[in-house]
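Below is one structure, written out as structure tokens; the observations come after it.
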Amino acid sequence: MRDLIKISYFKFLDFIGENKTALHRKKPSITILTYHSVVPDQVPVESYEYRNAVSVSEFENQVSLLKKIFKVISLDQAFNLLTSGNMTENYAVITFDDGYKNNYDYALPILKKHEVSAAFFITTSLIETKDCLWTDWVTYLFLKTRQQKVIITDVEQNFDFYLQTVDDRIKASERLRKWMKSLSSEKADRILEQLKVQTKVDTHPVEEDAQRYAFMNWNQVKELAEQGMEIGSHTHSHSLLIMLSNEQVEEELTTSKRLIEEHTGRTCQFFTYPNGQLRDFKDVHIGLLKKMGFKLALTQIPGFNPPGSDLFRLKRINITNKMYLPVFKAYVCGSRKSKYLEEY
Ligand SMILES: [Zn+2]
């Protein structure tokens with residue numbers, strides 16, 4: 001019911017011309033969208049696990065709409081427009097973060113059908129493995145466990161998580177992930193191991209729900225590139241740059257760039273910051289990206305990119321499972337400001 005009211009309200013905004021006005025106001029600029037997952041229509045996409053996913057038919061509706069109101073371009077074309085100063089209209093770029101296999105299975109056919117290009121940013125250490133992101137693990141374990149209480153202990157911090165309701169479990173996952181993002185990857189690994197023991201979950205996310213959690217293999221990444229898609233780096237291990245030494249950042253960038261280039265035969269020149277907020281990276285990291293030949297980098301800071309935008313702090317709109325088409329339209333047109341919704 002609440003969703004119906006929300007949809008009607010956003011349809012009304014469109015009807016009275018708010019989207020048109022907003023589009024006109026932001027012209028010329030580049031709107032870059034962040035997707036993570038596209039999953040089959042049968043999947044319960046409204047549940048928390050799927051908060052950064054859209055269904056196949058929703059994705060197709062969104063791509064059709066983007067083609068109507070924007071000129072949909074590749075990231076390389078966006079780079080040329082931003083550096084040449086020849087921007088004249090409203091453009092859109094479609095991007096995907098992380099490297100989930102569902103991108104290959106469900107997004108690629110729609111992109112091909114509509115003859116649009118997209119850029120896929122992959123976490124190279126997870127490609128061709130049966131593992132998934134630690135953030136996905138944490139949510140999976142909390143949602144799945146039969147335990148009503150889980151205790152995580154550490155020298156500086158102790159957590160007592162009470163897990164009676166789904167809401168409790170979501171809050172527990174959010175709290176623990178937030179803290180774990182401030183830890184070194186070795187320490188975060190140890191906490192994850194502790195959580196696996198405490199939750200007594202004996203199933204594996206990738207085995208149980210590959211459509212949601214599995215990563216692509218290199219053949220699939222290569223095929224995306226051969227089908228005209230751009231492949232960029234999202235680091236090697238998905239560590240937040242701010243948590244690493246400069247040497248480690250350099251290593252992350254070098255390894256992911258090298259692997260992508262070896263497997264696709266194309267130059268890797270684009271980058272997205274894990275987590276993507278301003279606090280997650282520093283100027284020195286931008287220096288390293290430039291030194292290594294990256295042409296631009298995308299954040300997860302909500303907004304649009306007019307001429308003169310900083311090429312290493314480009315803004316994006318994160319697309320979530322709650323963006324029904326009229327809501328999606330309002331966000332991409334700019335008549336409603338997008339809140340930052342956590343990426344992982
Ligand atoms: Zn990510």
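Before moving on, here are some points about what is shown:
- Filtering region 275-292 to residues that are in contact with a helix residue (DSSP H, G or I) (Cβ under 8 Å, 6 or more places away or on another chain), more than 16 Å from the ligand (Cβ to nearest atom) and either under 30 Å from Val45 (Cα atoms) or not aliphatic (A, V, I, L, M) (or both) leaves only Lys282.
- Residue-level analysis places Leu143 among those that are closer than 30 Å to Val197 by Cβ, away from the ligand (no atom under 16 Å from the Cβ) and modelled with pLDDT of 95 or more.
Conditions (1) free of Cβ contacts under 8 Å to residues at least 40 places away in the same chain; (2) closer than 24 Å to Lys181 by Cα, marked per residue:
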| site | (1), (2) |
| --- | --- |
| Glu252 | yes, yes |
| Phe270 | no, yes |
| His285 | no, yes |
| Lys295 | no, no |
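- Search result, residues across region 144-182 that are in a loop (DSSP other than H, G, I, E, B) and among the aliphatic types (A, V, I, L, M): Val155, Leu163
- Restricting Val38, Val63, Val45 to residues that are in a helix (DSSP H, G or I), β-branched (Val, Ile, Thr), assigned by TED's automatic domain parsing to the domain that holds Tyr273 and surrounded by 13 or more Cβ atoms within 10 Å (Cβ to Cβ) narrows the list to Val63.
- Which listed residue, of Thr21, Thr83, is surrounded by fewer than 19 Cβ atoms within 10 Å (Cβ to Cβ), within 28 Å of Thr272 (Cα to Cα) and more than 19 Å from the chain's Cα centre (by Cα): Thr83
- If the condition is being assigned to a loop (DSSP other than H, G, I, E, B), touching a residue at least 40 places away in the same chain (Cβ under 8 Å) and away from the ligand (no atom under 16 Å from the Cβ), then region 75-128 contributes Gly85, Met87, Thr88, Glu89, His114, Val116, Ser117, Glu128.
- Entirely in region 183-288, the helices (runs of 4 or more DSSP H) that have 1 or more residues that are aromatic (Phe, Trp, Tyr) and in contact with a His (Cβ under 7 Å, 6 or more places away or on another chain): 218-226
- Region 238-253 - residue that is closer than 19 Å to Phe215 by Cα and out of contact with any Pro (no Cβ under 6 Å at 6 or more places or on another chain) and, of those, surrounded by the most Cβ atoms within 10 Å (Cβ to Cβ): Glu252
- Among the residues of region 260-285, the one identified as surrounded by 17 or more Cβ atoms within 10 Å (Cβ to Cβ) and aliphatic (A, V, I, L, M) is Ile260.
- The residues on offer are Leu195, Leu163, and the sole one that is surrounded by 13 or more Cβ atoms within 10 Å (Cβ to Cβ), in contact (Cβ under 8 Å) with a residue 24 or more places away in the chain and hydrophobic (A, V, I, L, M, F, W, C) is Leu195.
The values are calculated or read from the model by the stated rules, or taken from the named source; none is laboratory data. Please read all numbers here as calculations on a predicted model, not as lab measurements. Here the Cβ is made from the backbone with ideal geometry for all residues, glycine too, and neighbour counts use every protein chain on show.
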